[in-house]
Structure formats: C-alpha cells, structure tokens
Amino acid sequence: MKMVILEPLGVPEDEIMNMAEEMLPGVEVEYFGARADSDAEKIERAKGAEIVAIANQPLSGEAIRGMEDCKFLDVAFTGVDHVDLDAAKEAGLKVSNCAGYSTAAVSELVFGMLISLNRNIAACDEAVRNGGTKDGLIGPELEGLTFGVIGTGAIGSKVAEIANAFGCRVLAYSRTVKDLPGVTYVGLDELMKESDVVSIHIPSNAETKGLINADRIGMMKKNAVLINLARGPIVDSQALADALNSDAIRGACVDVFEMEPPIPADHPLLTAKHTVLTPHVAFASDQAMVKRAKIVFDNAKKYIEGNQQNVIL
C-alpha cells in the first residue's frame with residue numbers, strides 16, 4: 001500500500017519519515033516538502049496512492065476526481081471546508097480530519113491576542129523604545145468580564161475553562177449543550193448582547209457563513225471585543241471593520257479571513273481601528289505540528305485496520 005503526503009506538515013521531513021516507519025510499517029510513504037502549484041500536479045503526485053494526506057491547501061473536485069487510486073483522504077487539519085466534500089462523497093472516498101491537535105495552541109492564542117489588545121502590548125513596546133510612558137495605554141483586565149463562547153467543541157470548551165480561570169463569567173452558545181463547570185448556555189443574541197468578549201469556535205459551513213453579521217455585531221456592547229480564530233467567512237469583515245472604525249465596539253482579534261494569507265491590501269480589517277491581526281497561525285505551535293503529524297499516521301493506521309477514526313465521510 002502507498003500513502004502520499006501532498007504538502008508539508010510543519011515537521012522536519014526526517015521526523016515525518018521516522019513516524020511513518022514506526023507507525024505504518026510496510027506502507028510506502030512519499031512526502032512532498034513543498035505544495036503543488038496546480039490540480040494537475042496534485043493528481044500526478046497522488047498516482048498509485050490509496051491514502052492521500054493534505055493539510056490546508058484547497059483540494060478541488062477536479063483534483064479529487066483525478067486521484068483515481070485514492071480511497072482514503074487524510075486531512076491534516078481540524079476544518080475541512082477547503083476540501084470539496086461533495087466530490088469526495090461522489091468518488092466514494094473515506095475522509096478523516098485531525099481533530100484535537102490544535103486545542104491548546106488555539107486556546108492559548110485567544111488569550112494572548114485578547115491580552116495584547118486589552119493591555120496595548122504592541123503600543124507599550126513601541127512607547128518604551130521611543131522614550132514614552134504608559135500615558136494613554138492603560139486597559140482593562142479580564143477578571144470580572146463576561147466572556148461569551150460561540151461553539152463548545154474541544155477548543156471552545158478549553159477557552160471556556162481558561163476564561164473561568166481568569167475569573168470571567170462565562171456564557172456559551174452551541175448546537176450541543178455540555179455540562180461545563182462555570183458555563184451558562186444562552187441563546188446567540190443574548191450572548192452577543194451580554195458579553196464583554198465574544199470568541200468564535202464553530203466550523204464554516206452553509207449554516208454559519210455570515211452568522212456574525214452587521215445585525216449581530218450591532219447587538220454588542222460598546223466596550224466589547226470580538227475574537228475570531230475559527231473561520232473567516234463566519235464573520236462579515238466589512239461589518240466588523242465598520243463597527244470598529246465607528247467605535248461601536250472596542251476591538252477585535254482576528255486570525256482568519258475569507259482567504260488564506262497573504263491578505264489583499266484592500267481588505268477592510270487591515271485598516272480598521274483597534275485590531276490585533278495574525279496570519280492564520282493559531283493552530284501552528286511547535287507541539288501542535290507534531291501532534292498533528294502523529295494523528296495523520298494514526299488515522300491512516302486505523303483506516304488500514306478497518307477502524308476509521310475522526311470520521312468526516
């Protein structure tokens with residue numbers, strides 16, 4: 001059996017191949033250290049491979065249909081909105097993701113970005129380097145704030161736990177209600193109205209696209225902060241930029257956009273006030289990349305054994 005890893009996984013190639021040898025003995029594994037430039041190149045790379053692994057590079061229906069030997073698509077990512085799942089289903093592919101590898105990484109960055117915004121860390125650094133003082137740079141602490149979490153999957157639940165540790169009152173809205181200590185579930189509109197911080201942790205799909213629109217942003221408190229480390233299309237970026245620039249809300253922390261970085265120079269959030277922006281890096285800690293690679297190989301192992309895990313299709 002052959003497995004092809006179509007793009008880099010953020011771990012040195014020798015470590016990847018050592019994992020492959022240890023976890024998939026007898027399987028031929030081919031690893032590509034750079035992304036393919038076209039669907040045709042992806043199809044060529046996947047020839048002869050029953051198992052194909054990708055990270056977050058888009059995989060179109062054309063590419064999927066051209067991978068005639070592929071039976072199992074191993075997605076080295078939590079979200080799968082970059083994969084044409086309809087085409088994968090039509091082709092009879094089994095598909096798994098790598099849920100869980102980035103829970104700590106994303107959760108930590110939520111609070112890193114929030115504290116940076118609240119306490120003006122970048123501006124404070126600049127002030128020190130330019131002979132300035134704390135004047136105009138004093139901001140709020142987290143203790144006592146109402147922290148709203150949209151989506152309480154693994155990452156959202158972890159964010160709620162950390163918010164509790166900071167002494168926040170935690171509200172949550174989610175399709176599935178869990179018994180989470182210190183968390184009160186409410187409706188989405190109530191969460192938007194009551195929260196000092198709103199942090200988004202849901203997948204991007206037809207139901208969630210544009211969920212946080214101008215109307216819902218308009219429900220937020222004037223001193224509230226919106227955090228999106230989930231998926232860009234969930235939030236109306238223009239509506240968010242308008243709210244920021246008119247001081248309708250206090251700030252935003254955004255790691256994800258409608259496209260993968262680099263972000264176009266005319267994107268509204270690049271010139272919006274009171275923002276901390278990062279280039280889709282939340283998932284990408286040193287430890288998370290290793291965890292992800294191990295899950296990729298474990299997914300393949302379970303598929304070979306006939307016991308598929310992390311099932312998407």
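Measuring from centroid to centroid over Cα atoms, what is the spacing of the stretch 165-193 and the stretch 286-309 in Å?
Centre-to-centre (Cα) distance: 32 Å.
What are the semi-axes of the equivalent ellipsoid for the chain, taken as the square roots of 5 times the Cα gyration tensor eigenvalues, largest first, in whole Å?
In descending order, the three semi-axes are 38, 21, 19 Å.
Given the pairs K134/K209; K178/K302; K209/K301, which are separated by over 31 angstrom at their Cα positions?
K134/K209; K209/K301
Taking 2.2 N^0.38 Å as the expected size of a compact globular protein, what ratio does the Cα radius of gyration of the stretch 52-175 give against it, to two decimals?
So the Cα radius of gyration is 1.54 times the expected 2.2 N^0.38 Å.
Mind grabbing the accessible area of F283 for me, 1.4 Å probe, Å², rounded to tens?
Near enough 30 Å² of accessible area.
Between the stretch 230-276 and the stretch 48-62, what is the separation of their alpha carbon centroids in Å?
Taking the Cα centre of each part, the stretch 230-276 and the stretch 48-62 sit 30 Å apart.
Karplus couplings for the stretch 34-42 from phi (6.51 cos²θ - 1.76 cosθ + 1.60, θ = phi - 60°), rounded to Hz, Gly and Pro as x?
Working through the residues one at a time gives 9, 6, 6, 8, 7, 4, 4, 5, 4 Hz.
Give the cross-link partners of K221 among the lysines, using a straight C-alpha distance below 19 Å as the criterion and excluding same-chain residues fewer than 8 apart.
K193, K273
Where the only charges are on Cβ atoms (+1 Lys, Arg; -1 Asp, Glu), what is the dipole of the stretch 121-253 about its Cα centre, to the nearest 20 debye?
Rounded to the nearest 20 debye, it is 220 debye.
Please give the direction-averaged projected area of the C-alpha convex hull for the stretch 155-313, in square nanometres with one decimal.
11.1
Determine the calculated [θ] at 222 nm for the chain from helices alone, applying -39500 (n - 2.57) to every DSSP H run no shorter than 4 residues and normalising by the residue count; nearest 500 deg cm²/dmol.
That calculation yields -10000 deg cm²/dmol at 222 nm.
For the chain, what is the charge dipole size about the Cα centre, in debye to the nearest 20, if Lys and Arg each add +1 at the Cβ and Asp and Glu each add -1 at the Cβ?
In debye, rounded to 20, the chain gives about 860.
Quick check on packing: order 242-252, 266-276 by the mean number of other C-beta atoms within 10 Å, highest mean leading.
With the highest mean Cβ count within 10 Å placed first, the list reads 242-252, 266-276.
Based on the Cβ-Cβ distance from K302 to R175, what FRET efficiency comes out when R0 is 35 Å, to the nearest 0.05?
E between K302 and R175, to the nearest 0.05, is 0.85.
Volume per residue, Å³, of the convex hull around the alpha-carbon atoms of the stretch 136-184?
76
Using the charge dipole of the chain (Lys, Arg: +1 at Cβ; Asp, Glu: -1 at Cβ; taken about the Cα centre), state which of V11, M192, P279 has its Cα farthest towards the positive end.
M192
R0 = 45 Å: FRET efficiency of E62 with E161, Cβ-based, nearest 0.05?
In this case the efficiency is close to 0.60.
Can you give me the solvent accessible area of F111 with a 1.4 Å probe, rounded to the nearest 10 Å²?
About 10 Å², ignoring ligands and nucleic acids.
Accessible area, 1.4 Å probe, largest first: how do D84, D37, D74 sort?
Solvent-accessible surface, decreasing: D37, D84, D74.
Work out the length of the dipole vector of the stretch 15-149 about its Cα centre, built from +1 on the beta-carbon of each Lys and Arg and -1 on the beta-carbon of each Asp and Glu, and round it to the nearest 20 debye.
360
Would you mind checking which residues have amide H under 5 Å from D81's amide H? H placed 1.01 Å from N; only 5 or more apart, or other chain.
Sorted by chain and number, the residues that satisfy this come to none at all.
From the residues N120, I155, L137, which one has its Cα farthest along the dipole of the stretch 91-159 in the positive direction, the dipole being from +1 and -1 charges on Cβ of Lys/Arg and Asp/Glu about the Cα centre?
So the residue furthest toward the plus end is I155.
When a/c is below 1.5 the answer is rounded, else prolate if a/b is larger than b/c, else oblate, so apply that to the stretch 179-234 with a ≥ b ≥ c taken from the square roots of the Cα gyration tensor eigenvalues.
oblate
Out of residues 5 or more away from E30 or on other chains, whose amide H comes under 5 Å of its own, with H placed 1.01 Å from N in the peptide plane?
M3, V4, I5
Regarding the stretch 3-63, what's the average projected area of the Cα-atom convex hull, expressed in nm²?
4.1
The values are calculated or read from the model by the stated rules, or taken from the named source; none is laboratory data. Keep in mind that this is a model prediction, so the values were computed, not measured. Neighbour counts are summed over all protein chains in view; Cβ atoms, including those assigned to glycine, are modelled from backbone coordinates with ideal geometry. The accessibility values were calculated without ligands, DNA or RNA, using every heavy atom of the protein model including side chains. Shrake-Rupley method; radii C 1.70, N 1.55, O 1.52, S 1.80 Å.
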